[in-house]
1. I'd like the full set of residues that are surrounded by fewer than 17 Cβ atoms within 10 Å (Cβ to Cβ), small (Gly, Ala, Ser) and under 17 Å from Ala16 (Cα atoms), limited to segment 70-96.
2. Looking only at segment 70-103, count every residue that is part of a strand (DSSP E or B) and either in contact (Cβ under 8 Å) with a residue 60 or more places away in the chain or of a type outside the set (Gly, Ala, Ser) (or both) and tell me the total.
3. Does Arg106 meet the test of being assigned to a strand (DSSP E or B), among the basic types (Lys, Arg) and within 18 Å of Asp137 (Cα to Cα)?
4. Which ones in segment 122-144 are at pLDDT 80 or above and either aliphatic (A, V, I, L, M) or surrounded by fewer than 18 Cβ atoms within 10 Å (Cβ to Cβ) (or both)?
5. Evaluate the following for Glu66: is it modelled with pLDDT of 95 or more, more than 13 Å from the chain's Cα centre (by Cα) and at negative phi?
6. When segment 32-69 is examined, which residues are found to be part of a loop (DSSP other than H, G, I, E, B) and either in contact with a Pro (Cβ under 7 Å, 6 or more places away or on another chain) or surrounded by 15 or more Cβ atoms within 10 Å (Cβ to Cβ) (or both)?
7. How many of the residues in segment 75-96 are at pLDDT 90 or above and either of a type in the set (Lys, Arg) or closer than 12 Å to Glu14 by Cα (or both)?
8. Please count how many residues of segment 1-31 are of a type outside the set (Phe, Trp, Tyr) and outside any helix (DSSP H, G or I).
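The values are calculated or read from the model by the stated rules, or taken from the named source; none is laboratory data. Quantities reported herein were computed from a predicted structural model and do not represent experimental measurements. For neighbour counting, all protein chains shown are included, and Cβ atoms are generated from backbone atoms with ideal geometry for every residue, glycine included.
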Amino acid sequence: MRLENSFEVPAPPEQAWELLLDVPRVVPCMPGATLTETVDDRHWKASVAMKLGPVAMTFVGDVVREEEDAEAKHVRLVANASDTRGRGNAKATIDSSLAAIDGGTRVDIVTDLQLSGRAAQFGQTVVRTVTAQLTADFAECLKRKLAPADAPVAAAGVEPAPEEPEPAAAPAEPLHGFALLWRALLLRFRRK
């Protein structure tokens, strides 16, 4: 199944590109996702917990950065995951491209998603609706990370205080699909 989503962030492409390539900082923006291991600068291990009604699934797997073109601002990630109870598999090829727009960056994401087992039973409409809402949540998180910091103006000759590191990410809450689906449907009706 091919899924296409776009959103805008209030930062220049170079800054957005730097964040997009920083997988440990980006993974916490994905609802239900947790980075479990950094293998090297192109390979990671992650888990995604989701709950659709009475069905709870946790997928664990590998994420690989297959392609990276800094000049074109395009990156391809491939994720392969299996449910921890053997009830399904997921494979996603995610192509992200950045383009400069007035005062910011447009992020275009094209995902080729293949589901098998229990995860595939939810149908394309549910998957597309939930994915659109997940992308909106992901975009909001990236916007917060790219927002300019309100740094105090340092007095002449005084060094500014060093930036505090980002707090360690708490374990991700399971992704509740029906809640996301309901919220996405409400947003769709409000737009009409």
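1. The answer is Ala70, Ala72.
2. 17
3. yes
4. The answer is Ala136, Asp137, Ala139, Glu140, Cys141, Leu142, Lys143, Arg144.
5. yes
6. Gly32
7. Adding up the residues that qualify gives 3.
8. Qualifying residue count, segment 1-31: 14.
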